[in-house]
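J.: First the structure, then my questions, so here it is.
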Amino acid sequence: MKKMFKVSALLIAVIMVAMLAACGSGAGSSEIPKNPGNVYRVIVQDESNMGVKCARIQFCSDITCNMVETDENGIATFEDFDEGSYTIHVLTVPEGFEKDTSEYKTPDTFGDITITLKAA
């Protein structure tokens, strides 16, 4: 029974480490797929134009806000929105980057907005 408990505890520890490593401070790819044209995308990159994964982005209208985490390419995609003016905030940044307290505005048409984070 003690051996089974030790194996279970070890397995849980390995899973937790793997989950934490998935959103580490490492940069993603610099290759950005083409915007399909019917979404707003926030592209978060570092100063060398590499995508920053696991940044939490808030996308707000006058009525509501939605939050999405950037993927391995540093892209947060906001679908099911009408074209219009929206406000963007960077809620959290991965370890190794300075907090960004700026407020960004979207263009009135679908497209990409790029935010560059500075190293801490």
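Computed from the coordinates by the stated procedures, all read-outs in this text should not be read as laboratory data. Because the structure is predicted, anything quoted here is derived from the model rather than measured. Positions of Cβ are backbone-derived with ideal geometry, glycine not excepted, and every protein chain shown enters the neighbour counts.
J.: Once both labels are modelled 7 Å past Cα along the beta-carbon direction, what's the E83-E31 spacing in nm?
T.: Result for the modelled spin labels: 3.0 nm.
J.: Run the simple label-point estimate for E69 and T92 please: 7 Å along Cα→C-beta, distance reported in nm.
T.: For E69 paired with T92, the spin-label model returns 0.8 nm.
J.: So, by mean Cβ neighbours within 10 angstrom, what's the order for 103-109, 51-57, 61-67 with the highest one leading?
T.: Details: 103-109: 12.7, 51-57: 22.1, 61-67: 10.7.
Listed from highest to lowest mean packing, they are 51-57, 103-109, 61-67.
J.: Could I ask something else about it? Averaging the inverse of every distinct alpha carbon separation and then flipping it gives the Kirkwood radius. What is it for the stretch 27-116, in angstrom units?
T.: On the way: mean 1/r = 0.0771 Å⁻¹.
Across the stretch 27-116, the inverse of the average 1/r is 13.0 Å.
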